[in-house]
Amino acid sequence: MKLEDEVRHNSEDIDDAVLGDVVLALHRRVKVSHDFDIPYIAGYSKDGGRIYIDRHLPRTMQWKGRTVRLAPFLLTHEVVEKSLLDELKLHYLHAHQIALRIERDAVKAAGLAWRAYQSVMKQNEKPIDEEYLKKVPGDLDVTPYRDLKDYSTLDRLIKAEQARG
């Protein structure tokens, strides 16, 4: 698809439809995998070409009688975060804050309540963070865990990698 074809809506103001175009454009640029155990719910490959979403996270949520896919919002967060880390060399906490705000706005632009979306994430966050890591991608970028000095998670990832290989 041509770059100009991705822009279906046009506005100089903050516009939900334009943000929807952005989410779709980001989705076209990376592959998504739901096949692994990923601490912090989601992550990215070292080269940024693949977004990993924990295999135990539900793929959808119910909202006002409709089924909503979660991946587009997580993917948006992860792509923005990874880009800020790699291109601008931001610390993870700063990149995460910006990505979280964009994720929030994408959720709202899709007509969902942020609180409802966050409720699904929070219900799954602790079980995912505490799960035994059986399947970890070999190219998972560990910058978030390193920048946060989350040595216990880094240790779990290393042990899972060693058991795999």
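Evaluate the range 88-110: report whether one residue or more is small (Gly, Ala, Ser), closer than 22 Å to Asp16 by Cα, touching a helix residue (DSSP H, G or I) at 6+ places or on another chain (Cβ under 8 Å) and not in a helix (DSSP H, G or I). The answer is yes, given that some residue of the range 88-110 is small (Gly, Ala, Ser), closer than 22 Å to Asp16 by Cα, touching a helix residue (DSSP H, G or I) at 6+ places or on another chain (Cβ under 8 Å) and not in a helix (DSSP H, G or I). Just checking, does the range 22-31 include any residue being modelled with pLDDT of 95 or more, surrounded by 13 or more Cβ atoms within 10 Å (Cβ to Cβ) and either outside any helix (DSSP H, G or I) or out of contact with any Pro (no Cβ under 7 Å at 6 or more places or on another chain) (or both)? Within the range 22-31, one or more residues are modelled with pLDDT of 95 or more, surrounded by 13 or more Cβ atoms within 10 Å (Cβ to Cβ) and either outside any helix (DSSP H, G or I) or out of contact with any Pro (no Cβ under 7 Å at 6 or more places or on another chain) (or both).
For the range 70-120: of the residues being within 13 Å of the chain's Cα centre (by Cα), surrounded by fewer than 18 Cβ atoms within 10 Å (Cβ to Cβ) and of a type in the set (A, V, I, L, M), which is nearest to Arg28 (Cα to Cα)? Here the answer is Ala71.
Do we have Asp35 as at pLDDT 75 or above and more than 20 Å from Val80 (Cβ to Cβ) here?
Yes: the conditions hold for Asp35.
Listed by first and then second residue, the pairs with beta-carbon distance under 6 Å, at least 6 apart or on different chains, first residue in the range 42-70 and among the aromatic types (Phe, Trp, Tyr), second assigned to a strand (DSSP E or B), are Tyr44/Ile51; Tyr52/Ser33; Tyr52/Gly43.
Only residues that are touching a residue at least 40 places away in the same chain (Cβ under 8 Å) and under 18 Å from the mean Cα position of the chain (by Cα): list them for the range 121-134, please. Of everything in the range 121-134, those that are touching a residue at least 40 places away in the same chain (Cβ under 8 Å) and under 18 Å from the mean Cα position of the chain (by Cα) turn out to be Met121, Asn124, Glu125, Pro127, Ile128, Asp129.
In the range 51-69, what count of residues is obtained for those that are surrounded by fewer than 17 Cβ atoms within 10 Å (Cβ to Cβ) and in contact with a Pro (Cβ under 9 Å, 6 or more places away or on another chain)? Count: 1. The requirement of being acidic (Asp, Glu), modelled with pLDDT of 95 or more and closer than 22 Å to Arg164 by Cβ is not satisfied by Asp86. Applying the set (1) in a helix (DSSP H, G or I); (2) within 25 Å of Asp15 (Cβ to Cβ); (3) out of contact with any Leu (no Cβ under 6 Å at 6 or more places or on another chain) to Val79 leaves exactly one unmet item: (3).
Among the conditions (1) surrounded by 12 or more Cβ atoms within 10 Å (Cβ to Cβ); (2) part of a loop (DSSP other than H, G, I, E, B), the only one that Thr153 does not satisfy is (2).
In the set (1) modelled with pLDDT under 95; (2) outside any loop (DSSP other than H, G, I, E, B); (3) not hydroxyl-bearing (Ser, Thr, Tyr), Lys134 fails one condition alone, (2).
The values are calculated or read from the model by the stated rules, or taken from the named source; none is laboratory data. Quantities reported herein were computed from a predicted structural model and do not represent experimental measurements. Backbone-built Cβ (ideal geometry, glycine too); neighbour counts: all protein chains shown.
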